[in-house]
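Okay, structure first, notes after.
The values are calculated or read from the model by the stated rules, or taken from the named source; none is laboratory data. Computed from a predicted structure; not experimentally measured. Virtual Cβ from ideal backbone geometry, glycine too; neighbours counted across all protein chains shown.
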Amino acid sequence: MTKRALITGVTGQDGAYLAKFLLDQEYEVFGTYRRSSTPNFWRLDALAVIDKINFLHADLNDMASLLEAVTVSEPDEIYNLGAQSFVGASFEAPLLTGDVDGLGAARVLEVVRSINPKIRIYQASSSEIYGNVANVERGLTEETPMLPVSPYAAGKLYAYNLVRIYREGYGLFAANGILFNHESPLRGLEFVTRKITNAAAQISLGLRNKLELGNLEARRDWGFAAEYVQAMWKMLQLDKPSDYVIATGLSYSVQDVLVTAFESLGIDWQKYVTVDKRQMRPLDVHNLVGDSSKAKADFDWNPATSFKELIESMTAADYDRWRRRIDGEVFPWDAPSYPSESVFLTRGPQK
């Protein structure tokens with residue numbers, strides 16, 4: 001019997017890679033999207049899965065739309081990836097971030113508890129929930145104390161604890177994936193890795209001459225997103241739910257990203273990059289590195305792509321995009337493509 005999965009935030013980086021992975025596993029995939037004036041289906045188009053997904057309109061801050069989405073899709077598994085996912089923006093919009101990232105998870109859990117407690121739930125947590133904890137060099141585990149230093153991290157920690165409460169209190173199969181930074185050529189331009197690789201490509205092609213960044217010393221544990229979504233799925237195939245750190249076990253600085261990206265194109269980054277203090281966060285996490293020993297032991301997950309391979313592949317992808325754009329090629333994000341009408345689902349009045 002074909003399994004059915006519902007992905008909130010299916011148009012994002014993780015949602016797109018997860019949708020492709022689940023389709024390859026012969027799932028029937030449903031994905032929620034937020035209606036907006038600017039369509040955001042380009043990642044799904046890039047992975048050639050845009051017309052293989054059943055789309056449902058839903059917002060994590062709207063209980064009724066979530067109830068409708070779960071009722072229509074009748075999923076075996078829910079992957080709650082939808083979020084306000086940019087840490088910097090959470091300082092500018094803390095109430096929105098808390099509502100979507102924290103209470104949004106509560107709404108998903110309540111819908112499942114009310115409609116069908118047998119649905120398995122994956123909750124996208126974040127390494128940001130740890131904040132600036134001690135002994136980071138040893139690698140952060142599921143048992144490490146969590147001290148968030150941003151509204152984004154605070155919202156994610158609320159959701160993390162709520163998953164544990166619903167798991168223990170109501171017997172739901174609910175798992176938290178504490179994913180450390182995971183990147184790809186599908187990463188949004190607001191994130192520092194894509195900001196760097198995209199700028200390096202533009203500078204190499206003579207399309208710009210400078211890049212302004214904030215904290216170059218911040219260190220993160222960076223992995224490849226397409227590998228991380230496989231860990232999400234594996235968590236929901238276990239006999240018992242639990243929480244798992246997913247990480248490479250190695251940390252690199254923002255400056256390391258700069259060096260790797262620019263050197264791959266034969267450019268000296270120091271000639272083009274300046275530090276803009278206005279881009280500094282009120283509070284920032286200094287260093288994050290994870291220990292995914294538990295995931296390796298329980299479902300044999302290991303990262304395969306190195307930091308250098310990851311950044312070089314992202315840089316090459318951005319370089320190729322800009323070179324082809326110069327040649328006049330049109331891309332989905334230039335002329336947005338839409339899924340065919342047949343994959344949009346609704347239970348409301350037909351017009």
**OP:** Determine if segment 1-9 includes at least one residue that is free of Cβ contacts under 8 Å to residues at least 12 places away in the same chain, farther than 26 Å from Pro185 by Cα and surrounded by fewer than 23 Cβ atoms within 10 Å (Cβ to Cβ).
**Re:** yes
Original post:
Limited to segment 122-158, what total is found for residues that are in contact (Cβ under 8 Å) with a residue 60 or more places away in the chain and outside any helix (DSSP H, G or I)?
Top reply: 11
**OP:** Select from segment 167-214 the residues that are among the small types (Gly, Ala, Ser) and surrounded by fewer than 15 Cβ atoms within 10 Å (Cβ to Cβ) and list them in ascending order.
**Re:** Gly169, Gly171, Gly188, Gly206
Original post:
How about segment 1-60: which strands (runs of 3 or more DSSP E) wholly inside it have at least 2 residues that are of a type in the set (Val, Ile, Thr) and within 22 Å of Phe86 (Cα to Cα)?
Top reply: 4-8
Original post:
Name the residues in segment 91-145 that are of a type in the set (Asp, Glu), within 21 Å of the chain's Cα centre (by Cα) and farther than 17 Å from Tyr160 by Cα, would you?
Top reply: Glu92
Original post:
Of these, Ser242, Ser313, Ser264, Ser251, which one is over 20 Å from the mean Cα position of the chain (by Cα) and of a type in the set (S, T, N, Q)?
Top reply: Ser264
**OP:** Please verify whether segment 88-95 includes one or more residues that are surrounded by 17 or more Cβ atoms within 10 Å (Cβ to Cβ), in a strand (DSSP E or B) and in contact with a Phe, Trp or Tyr (Cβ under 8 Å, 6 or more places away or on another chain).
**Re:** no
**OP:** Kindly provide the set of residues from segment 91-142 that are closer than 17 Å to Val245 by Cα and of a type in the set (D, E, K, R), ordered by number.
**Re:** Glu128, Glu137, Arg138, Glu142
Original post:
Of all residues in segment 62-79, which are part of a loop (DSSP other than H, G, I, E, B) and buried (at least 18 other Cβ atoms within 10 Å of the Cβ)?
Top reply: Pro75, Asp76
Subject >> Candidates Leu95, Leu22, Leu67, filtered to the one that is at pLDDT 90 or above and within 22 Å of Leu179 (Cα to Cα) >> reply: Leu22
